[in-house]
Amino acid sequence: MIFYKKLLACSLAIASSLMLSACSKDQLIGNGLRTYTIDHALPIILKTDDILMICHANDGFAPIVKAFTRFNVETDLMLAFGYAGSAICTENQAVEKELWSSLSEKQGWTDVAIDARIAQQLLNRDAGTKQLNAYNHTVSYFKKRYNYDFGEGKCPKLKDEVEELLLFVGATTALQALQNDVSSGRLVGIDMGIPPKVVRAMDCLDNQKWWGFPQSLRAALTIILPESPEVEAEGWKTLKTNAEVGVAQGMRLGYATYAVVANIKGREEYLRDALKGFEAVSSSKINQQYLLLDTIAEQQIRHLANRFWMQMEGKRAPTEGYSQFLDEKRLPDKNLDGMLDDI
């Protein structure tokens, strides 16, 4: 009897050891994947301008990362980046449906316009849901890691630059999620208390280091929800100033923010100014270390330009010169006119 008890105890010990070993192996693989992604893959990803590759890669990569959550692997950081990247293609599809709906309406194809509009709203919903997931994983990361409630209380002392990048991406995707939610007809139902939290969280980032973006977000909120005309006017100045701060460092995100806010407020003069400022920056001056972020900003600018051209000209913006509008033709050069008269 004693023998059988010892045998049973040994068997249970061996089984437990095997189970622990199996869990440790999966956790080891998950942690290795996380380390490789952050230390090696992410720096390369940030240097690429292939947005389609990035968003499709994240479509497949995110479920794999999510599977490691059950083995106590920290996955919030990777999933925040993953969902943000995956949402890009979905948002692009939504914009295409929007343009097709607008063009169909202009052509008198009512049924086609309505159908495209419904498809657009569903895609906006899907993009907004992914972006909300990215924001939620950002919030979860900082809560678990630093016991920091996103946008509330004292900022944590961030240990790595990748955490600053996560804060940046989480804030950006939260606002993009809200935009997509509104465009979908509020099919996502995002909490309207999120934007103020996002703006307050920007206090945790150095404005100069992050291309003037933190102050741009603060200015955006004062413009969208102004306390007075004077405060709104100052907000527009802050947006333009910080857009130039970014350009000086080879990043045009500030001009993209400037254009988005102008579009939301229906201020055509500011939208034109933002598009011109963005397109005027030579591609040779772009910060190659963060090329992906600038390329995403460029794509967002092109979406806005396409909407504006569709409204003004009945077609999308040209591949180049999208900030040179047909109602702003240059006056004839007087010197050239004089030369022609003499011939």
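Here are some notes:
- Taking the Cα centre of the chain as reference, the dipole from Cβ charges on Lys and Arg (+1) and Asp and Glu (-1) amounts to some 1660 debye.
- With a Förster radius of 25 Å applied to the C-beta separation of THR110 and ILE224, the computed FRET efficiency comes to 0.15.
- Relative contact order of the chain: 14 percent, from C-alpha pairs under 8 Å at least 6 residues apart in sequence.
- For the stretch 104-118 and the stretch 52-75, distance of Cα centres in Å: 37 Å
- Contour minus Cα-Cα distance for ASP59 and SER284 (0.36 nm per residue): 77.9 nm
- The distance between label points at ASN147 and ASN72 comes to 2.0 nm (points 7 Å beyond Cα on the Cα→Cβ vector).
- The lysines within cross-link reach of LYS237, meaning a Cα-to-Cα straight distance under 18 Å and a gap of 8 or more places when in the same chain, are LYS265, LYS276.
- If you sort the three axes of the alpha carbon gyration tensor as a ≥ b ≥ c, you get a/c of 1.5 or more for the stretch 42-190 and a/b above b/c, which makes it prolate.
- Checked against a 22 Å cut-off, the cross-linked pairs LYS209/LYS240; LYS25/LYS66; LYS159/LYS285 give Cα-Cα distances beyond that limit for LYS159/LYS285.
- Sorted on the mean count of surrounding Cβ atoms within 10 Å across their residues, most packed first, peptides 179-192, 118-131, 137-150, 314-327 read 118-131, 137-150, 179-192, 314-327.
- Annotation: average projected area of the stretch 206-323 is 7.0 square nanometres, based on the convex hull of Cα atoms across all directions.
- Applying 1/(1 + (r/R0)^6) with r as the Cβ-Cβ distance of ILE264 and ASN31 and R0 = 35 angstrom yields a FRET efficiency of 0.25.
- Gyration tensor (alpha-carbon) shape descriptor, the stretch 162-244, a/c threshold 1.5: oblate
Only the coordinates and a few stated rules stand behind these numbers; no lab work does. What you see is a predicted model; the values in this text were computed from it and never measured. As a convention, Cβ positions derive from the backbone with ideal geometry for all residues, glycine included, and neighbour counts pool all protein chains shown.
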